[in-house]
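Each remark here refers to the structure printed beneath this line.
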Amino acid sequence: MKGIVATLRTNPGLSLLGANLGLLIIWLVIQDPLGVIKTGYAGASPVLRASESLVTSVEIENPEKGSLLKLNRKEIIQGDPKEKKEPQYSWEFVRTVNGKTDVFAADRDRVRDLFSSIEKAKRYYSISRTPENEKVAEMTKDSEGRLTCLQIRLGMENGKTGKLYIGKSSLRGNDSYIRVDDENDIYIVEENLRTTSGGGDVDFFRNRRIFPEFAKDSVMQVNATVGGKQIQLSRSGNIWQMISPVPAALNASEMNLLLSDILDWKAIAFPQQPAADLDRKKAMTLEIVQKPNMTDSRIFKFEVLGQKDYSSYVIRDEKGTLYEVTAVYLSHLYDPQEKLVEKERRAPERRP
């Protein structure tokens, strides 16, 4: 021991190397970045491997709701080839409720959250699959021998099918009873798959984005009709101008807030019909003119049917689909001369 100490004293570089190695070992033990020494629930294997590159389709059946939700993997979304990330795909959402089927684009974030939740569910805590335990886990069958619990079926890239049966789930926590295929164990996992699979909400996986993703700088014009008054806002280079009701330069910050607000619209609900208590005085028609290149242009048209509360509105697109959206700065269009015009450059209002 004395010899080692003497060696370290005469070789400060070796002493520093030893200290750094010691710190590295401590860090590896605490952080375990490669997962080689993880134990307990965190180190257990997932109940099922699930990711966008492994799964091509998902079926979520809820016998209590009489619903069948399907997610179908579509084309790959091209990313930066320099980034070594797992492939990402667009997804289609097919909803069948009481015999009626509709098809929508799927919400990619919620699809990824579902896969992540499945892989975080671990094979660690389990109980035997007995009639008593199935009753506790709420995985019982009806009088015709059909399971009454939520069921998730994954169609895999390799042609196989993985089945998950979701039983009782915590109302406030992240615990669920899960059975995999026809295995003899029921797992108690620290993930609430009932929540990440929709929790009975038949619109859960519908794409909530109102606009496709595009650069805000490609928007060239905003047109609206409010209370019979025509409003036209136009971009020239990086400068926004009001064309009507009066010519005026616009405040860049306020215009940026308005554009960001509208382009980031996400549906918080999909009403079947407008609510009777909408404030119809806040109705308007709205057009967003986008020019992705020098020759093409797209016009997105909406009816704002009215204001539901301080920051939410019900809108209708050209296909007749209703959405409830949050829009804090849409109110700028009700009084554009006050809210949008650059104060020191306001032009006097035209009089007949």
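Before moving on, here are some points about what is shown:
- Verdict on SER218 being modelled with pLDDT under 95, under 33 Å from the mean Cα position of the chain (by Cα), of a type in the set (Ser, Thr, Tyr) and surrounded by 14 or more Cβ atoms within 10 Å (Cβ to Cβ): yes
- The lone exception for ILE152 - which of (1) β-branched (Val, Ile, Thr); (2) surrounded by fewer than 17 Cβ atoms within 10 Å (Cβ to Cβ); (3) at pLDDT 95 or above it fails: (2)
- Single residue of SER90, SER126, SER143 found to be at pLDDT below 95 and not in a strand (DSSP E or B): SER143
- Any hit, the stretch 100-112, residues being of a type in the set (D, E, K, R), buried (at least 19 other Cβ atoms within 10 Å of the Cβ), without any contact (Cβ under 8 Å) to a residue 40 or more places away in the chain and in a strand (DSSP E or B): no
- Pairing each residue of the stretch 124-145 that is closer than 15 Å to SER169 by Cα with any residue that is assigned to a loop (DSSP other than H, G, I, E, B), provided the two are 6+ apart or on different chains, yields C-beta distances under 7 Å for GLU134/THR140; GLU138/CYS149; MET139/CYS149; THR140/THR148.
- Condition met for ARG194 (surrounded by fewer than 19 Cβ atoms within 10 Å (Cβ to Cβ), under 26 Å from the mean Cα position of the chain (by Cα) and free of Cβ contacts under 8 Å to residues at least 60 places away in the same chain): no
- Candidates ASP261, ASP335, filtered to the one that is among the acidic types (Asp, Glu) and more than 21 Å from ALA215 (Cβ to Cβ): ASP335
- Subset of the stretch 306-334 [over 14 Å from ALA267 (Cβ atoms), part of a strand (DSSP E or B) and touching a strand residue (DSSP E or B) at 6+ places or on another chain (Cβ under 7 Å)]: GLY306, GLN307
- Which listed residue, of ILE268, ILE243, ILE299, is surrounded by fewer than 17 Cβ atoms within 10 Å (Cβ to Cβ) and farther than 17 Å from ALA224 by Cβ: ILE268
- Taking each residue of the stretch 251-272 that is without any contact (Cβ under 8 Å) to a residue 60 or more places away in the chain and looking for partners that are small (Gly, Ala, Ser) and crowded, with 19+ Cβ neighbours inside 10 Å with beta-carbon atoms closer than 9 Å, six or more apart or interchain, yields nothing.
The values are calculated or read from the model by the stated rules, or taken from the named source; none is laboratory data. Please read all numbers here as calculations on a predicted model, not as lab measurements. As a convention, Cβ positions derive from the backbone with ideal geometry for all residues, glycine included, and neighbour counts pool all protein chains shown.
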